[in-house]
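The values are calculated or read from the model by the stated rules, or taken from the named source; none is laboratory data. As the structure is a prediction and not an experimental result, all values here were calculated from the model. Note: ideal-geometry Cβ built from the backbone for every residue, glycine included; neighbour counts use all protein chains shown. Surface accessibility is based on the protein's heavy atoms, side chains included, excluding ligands, DNA and RNA. Shrake-Rupley method; radii C 1.70, N 1.55, O 1.52, S 1.80 Å.
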Amino acid sequence: MAEPTVAHGDVAGGADRPSQPSRSVPGWWWALVAGLVVVVLVTRIAGLDVSLWWDEAFTANRYVRGGRSTFLDPELYFANNHVLFTALAWATTRLLGTSEPVLRLWAVIPALAALGVLVAWSWRRHGAAVATVALTAIAVSPLALANSIQARGYGLTLLAATVLLVVPVAEDRAPTWRGDLAVTAAGAAGMLTFPPMVTLYLAHTGVWFLRRQRARWRLVLLTAAAGGLAAAVYLPLLTLLAERADRVGSRFADPITWWSPVIAPLQLVGGTSFALGRGEVLIWSLPAVVALLLGLVGVATILLDGRVRRTADPADARGADVVGSDRRPGVARGDRPLGLAGGDR
């Protein structure tokens, strides 16, 4: 009986098509992932009832408790007001009260959703080792922790940015209506939360416009619709935002220089991430160490396991090389799917 074969076109359904990762990683890997998830959840949940600091308190007292009339009032507007977050927090507090955890719900939930989207996409596209690195990096990052539990719009912005990254790469040159609508919603939500997101939105959609082979005008029209919605919402503030477009900060006191895009990532990683204050570093040092160790062990053992399996079965190694050259999941030596470990035992 002939061995089943799969033509190249049968596995070309997309770069992100899963290759049955649950069958290509060791069972104990799930325990490591569960440990990392526990660290992420515990550190986020533990910070929900901490007292509000200045920026959070300013947003909560002036805008959330001030009500709808304050959201877009030019006389009251400061950059602390992430409008979409403010509106969602206002609606939620009317139902659940104004405690610290309630005020932070629209920060932590979108941030956790962004983490899930990023890790799942990393796994589908690059394998379990890369997904473990992504999960570990977010679990140990003080900056990711701080921004995901602040009663501000950073969680919403993170989710919007993640969708803008993942969907165009996942669909690449074969876009769908669902993908286009997801990117449009992410762009609109990002701009309505944090106006400078317009640059990120246009950058991602611009590159996607050049790469995609069909439905380009659909993307243009949807991008214009998202921009039109944001402009309509911000209409009372457009003059103010235009006059202060070269400055940031709660009172627009910090100028944006030509070198800001170069040094800002270094400041965020090397400065803010490690200068949160002695109290916060002490509180989160143990979870960070645990997450880092779990991640390192997970990545190292997964890679070692894959190398051992490929060495033990050269046929799988040759099959993995052939499929890997096309960067797509495939089938070699019959109908066994190739995963991170080079084959299914």
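Below is a table of values for the structure above.
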| quantity | calculated |
| --- | --- |
| Cα centroid of the range 62-130 to Cα centroid of the range 187-208, whole Å | 17 |
| For L112, solvent-accessible area (1.4 Å; no DNA, RNA or ligand), Å² | 60 |
| log10 of Debye I(q)/I(0), alpha-carbon scatterers only, for the range 40-92 at 0.18, 0.26 Å⁻¹ | -0.61, -0.99 |
| Listed residues W54, W90 arranged by accessible area, highest first, probe 1.4 Å | W54, W90 |
| Solvent accessible area, Å² - I45, 1.4 Å probe, full protein context | 110 |
| Which of L200, L241 is most accessible, then next, and so on - probe 1.4 Å | L200, L241 |
| In nm, spacing of pseudo-spin labels at E75 and D49 (7 Å Cα→C-beta vector) | 4.0 |
| For Y234, solvent-accessible area (1.4 Å; no DNA, RNA or ligand), Å² | 10 |
| With every protein chain in place, the range 182-223: carbon and sulfur % of accessible area (1.4 Å) | 76 |
| Listed residue (T136, Y154, M197) projecting farthest to the positive dipole end of the range 124-203, Cβ model | T136 |
| Solvent-accessible ranking of F85, F58, largest area first, probe 1.4 Å | F58, F85 |
